[in-house]
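Written out below as structure tokens is the structure these notes cover.
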Amino acid sequence: MRSRFDRELDLLNNELIEMGSLVEKSIENVTQALINRDRELAKVVIKADEEIDMLENNIESRCLKLILQQHPVAGDLRLISSILKMITDLERIGDQAQDIGEIILTLSQEDTIKDLIHLSQMAKATTKMVRESIDAFVNRDMDLANQVIEYDDVVDDLFVIIKDELISLIRDDVGNGEQSIDFLMIAKYFERIGDHAQNIAEWVVFSITGEHAGERKIQD
Amino acid sequence: MDKIKIENLDLFYGEFQALKNINMKLKENMITAFIGPSGCGKSTLLKSLNRMNDLIEGCRISGKVLLDNEDIYGSIDVNMLRKRVGMVFQKPNPFPMSIYDNIAYGPRTHGIKSKSKLDDIVERSLRAGAIWDEVKDSLNKNALQLSGGQQQRICIARALAVNPEVLLMDEPTSALDPISTLKIEELIQELKKEYTIVIVTHNMQQATRVSDKTAFFLLGEVIEYTDTEKLFSTPKDKRTEDYITGRFG
């Protein structure tokens, strides 16, 4: 029964996993590019966004085709509608990785004004969130999805720490201003990535239970 | 308010138990859809609501069906019951007579003779059946000359002509084309303001489009009965999910 539909759903699942892996890779790359001031790797991240966008379009088309042809209901409908929402979050994460990559290209070549300890912690924390939100989707793992949702607080706290550090650096020397602003924007992008990963985890919960995990955090 | 309450209803055709301990409340001015695979008992239950099963030999019923708290299997006048609980069938079945006489038939059997009263009833019923504009200039035309979709709306208008309180519909659009189906579905939505409606349908999209509540039947039992939106988005029972997602059997 419905074997064609089930095959299509499998394809959809696989495409989402592929998109998730690409996005995850982009964040990892952009983190490395930031830490090592690797302009070439930053360019790889910028370029990868095209592929992520293309996958988003493919998945969206497949979802719309399935809605049109199969009139999904119940678990099938929740799955397809969740995927439609998740790809928007994944696409935004890709964009934000690209945005960070572009900042890396414009960062001045002078020495960094501070160690990037907290920023790299933040990068790792958001990478973990994205990876685990995708894992939660693949394994239909409610506990993991809820952990991702909780973990967003860690990223938010790191953002506040970084912001405070940068403010005091500017206060010490206005010459730190340009780099501080760049780092603040990068931190903000990571913080946003965390929010999108949380959204993905919430859609995982919705696809399993039909209920929203909590208030949607961002609407961009 | 509950228009119909079904309590511990069992129904047998000879040795075969077609309905097993059905307990349901149907709210007034709501549309309730019955869904389920063929032979699950949904049409049987529908017919039990105005005692159409009485005509079937070997049919035994126990339990209660309360219409406004009165047991329809008690001392109620069956003709009066069927006036209050009208039925529209799967296949349009207008009488082989004029459109006017089709609609006037019921009121006449209930003793209305006045031409002007009948005229009023015919117009009101055809308007309520969303077919007045299409037939107002040809009321003397034989109803069998109309299209299938028009015939079904004549049948709905005919059911409405005796001022029922409940309208039972047994797959009312399964013999119709998509446009006629949409017309009937819109009509059903309109009618809910005045009537309590129960519809049996094999078309699950139709159940989601028109009904407020849906009951899923399997092997003579109600497996799940809840808000339509809930049943089609987050069914509680795996058997419901398997059926509505097409993974049944």
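The values are calculated or read from the model by the stated rules, or taken from the named source; none is laboratory data. Because the structure is predicted, anything quoted here is derived from the model rather than measured. Here the Cβ is made from the backbone with ideal geometry for all residues, glycine too, and neighbour counts use every protein chain on show. Just so you know, the surface numbers come from the protein's heavy atoms only, side chains and all, with ligands and any DNA or RNA stripped out. Shrake-Rupley method; radii C 1.70, N 1.55, O 1.52, S 1.80 Å.
Axis of helix B:99-109 versus longest Cα principal axis of chain B: the two differ by about 70°, to the nearest ten degrees.
Only protein heavy atoms count here, probed at 1.4 Å, and on that basis chains B and A bury about 1000 Å² of accessible area in total.
In a DSSP loop and with at most 11 other Cβ atoms within 10 Å, the trypsin sites (Lys or Arg not before Pro) in the range B:143-232 are B:193. Per residue, chain A reaches -30500 deg cm²/dmol at 222 nm when only DSSP H runs of four or more residues are counted, each adding -39500 (n - 2.57).
One Cα centroid belongs to the range A:1-51, the other to the range B:132-193; the line between them spans 55 Å.
If a/c stays under 1.5 just call it rounded; otherwise compare a/b with b/c (prolate if a/b is bigger, oblate if not). Do that for chain A, with a ≥ b ≥ c from the square roots of the Cα gyration tensor eigenvalues. Here chain A falls in the prolate category.
Projected label points at residue A:172 and residue B:236, each 7 Å from Cα along the beta carbon direction, are separated by 6.2 nanometres. What part of the accessible area of the range B:2-244, given as a whole %, is carbon or sulfur when the probe is 1.4 angstrom? Its accessible area is 48 percent carbon and sulfur atoms. Compute the long axis of helix B:115-128 from its Cα atoms, compare it with the longest principal axis of the Cα atoms of chain B, and write down the angle in degrees, 0 to 90, nearest 10. Between the helix axis and the principal axis of chain B, the angle is about 50 degrees. The stretch between residue A:161 and residue A:50 holds 36.7 nm of extra length on full extension. This uses 0.36 nm per residue minus the Cα-Cα distance.
Return one whole number: the accessible area per residue of the range A:2-209 in Å², for a 1.4 Å probe. Spelled out: the 1.4 Å probe surface of the range A:2-209, per residue, equals 44 Å².
The mean sequence separation of alpha-carbon pairs under 8 Å and at least six residues apart, normalised by the residue count of chain B, gives a relative contact order of 27 percent. First check a/c for the range B:104-170, with a ≥ b ≥ c the square roots of the eigenvalues of its C-alpha gyration tensor; if it is under 1.5, answer rounded, and if not, answer prolate when a/b is larger than b/c or oblate otherwise. Note, shape of the range B:104-170 comes out oblate. Accessible area per residue was computed with a 1.4 Å probe on protein heavy atoms; residue A:160 scores about 70 Å². Which angle between 0 and 90 degrees, to the nearest 10, do you get for helix B:178-191 versus the longest principal axis of chain B when only C-alpha atoms count? Around 90 degrees separate the two axes. Measuring r between the beta carbons of residue B:110 and residue B:54 and using R0 = 30 Å, the FRET efficiency lands at 0.90.
Counts of other chain beta carbons within 10 angstrom of each beta carbon in peptide A:76-83 average 2. Using a probe of 1.4 Å, the accessible surface attributed to residue A:31 totals some 10 Å² when neighbouring protein chains are kept in position.
For residue B:155, the solvent-accessible surface computed with a 1.4 Å probe is close to 10 Å², ligands and nucleic acids excluded. Summarising the label geometry, the points placed 7 Å from Cα in the beta-carbon direction at residue B:62 and residue B:190 lie 4.6 nm from one another.
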